[in-house]
Structure formats: C-alpha cells, structure tokens
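None of the figures in this text is laboratory data; all of them are computed from the coordinates on show. All of these numbers come straight from a predicted model, not from anything done at the bench. Note that each Cβ is placed from the backbone with ideal geometry, even for glycine, and that neighbours are counted across all protein chains shown.
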Amino acid sequence: MTAEKMLNGVNVSAVENLINDVKENPELAKSKFRASNEWMDGGHNRTTVTSFYSAGQEISHTKRFVLEADEPPILAGQDQAANPVEHLLNALAT
C-alpha cells in the first residue's frame, strides 16, 4: 500500500492513476454531464445536478446540487441569483 501524494489539496496519486487507466483504456475518458433545468419566472431558473457518466460507469454525486440563476433588474430580472455570465465566470475560475 502506497501513501497518497497530495499537493495543494489535490490527490496527485488519484490523478496519476486516472491518467494511467485512460492510457490503457481510452474509452474510460468518455464523460457525459447532465443537468435538468426548471424555469421559475422571468429570468429566474433553477438547475439540478444529480449524476454523471465517467470512467465507464454512471456515478451519483454524494448530494444533489441546485444552482439558481437570474438577471439583475437592469436586465429585466429580479436579482434572485447570479446571472448565467457570472456562473460562467465562476466555472472559468475553478
């Protein structure tokens, strides 16, 4: 049993294992991410994420994620949540 290599909170050993597994079986690289969306009112909508397909299997998240989006009043919304561009900026920052 080898110790996990960690760097800045990232399990480097797990990343290395994934890379090696994909090299051996490129099909494992296929992933499908899904989300269901519900329109609430005006520009306000709610998106739910529960599972995804990766590494040759369907994987459930440990909890359901709910994301909301809206627009500020100047863009005809009610400012109930960050707008889609702000969500995209968050995604690019991670």
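Points worth noting:
- All conditions but one from (1) out of contact with any helix residue (DSSP H, G or I) (no Cβ under 9 Å at 6 or more places or on another chain); (2) without any contact (Cβ under 8 Å) to a residue 24 or more places away in the chain; (3) in a loop (DSSP other than H, G, I, E, B); (4) not hydroxyl-bearing (S, T, Y) apply to G77; the one that does not is (2).
- Filter result for the condition that a residue is touching a Lys or Arg at 6+ places or on another chain (Cβ under 9 Å) and surrounded by 11 or more Cβ atoms within 10 Å (Cβ to Cβ), over L67, L18: L67
- Among residues of segment 1-43, those that are closer than 30 Å to P72 by Cα and out of contact with any strand residue (DSSP E or B) (no Cβ under 7 Å at 6 or more places or on another chain), counted: 3
- The residue list A82, A14 contains one member that is hydrophobic (A, V, I, L, M, F, W, C) and in a loop (DSSP other than H, G, I, E, B), which is A82.
- So S60, is it surrounded by 11 or more Cβ atoms within 10 Å (Cβ to Cβ), of a type in the set (G, A, S) and part of a strand (DSSP E or B): no
- The residues of segment 36-94 that are closer than 30 Å to P26 by Cβ and either among the aliphatic types (A, V, I, L, M) or out of contact with any Ser or Thr (no Cβ under 8 Å at 6 or more places or on another chain) (or both), listed by number, are V49, A55, G56, Q57, I59, T62, L88, A91, L92, A93, T94.
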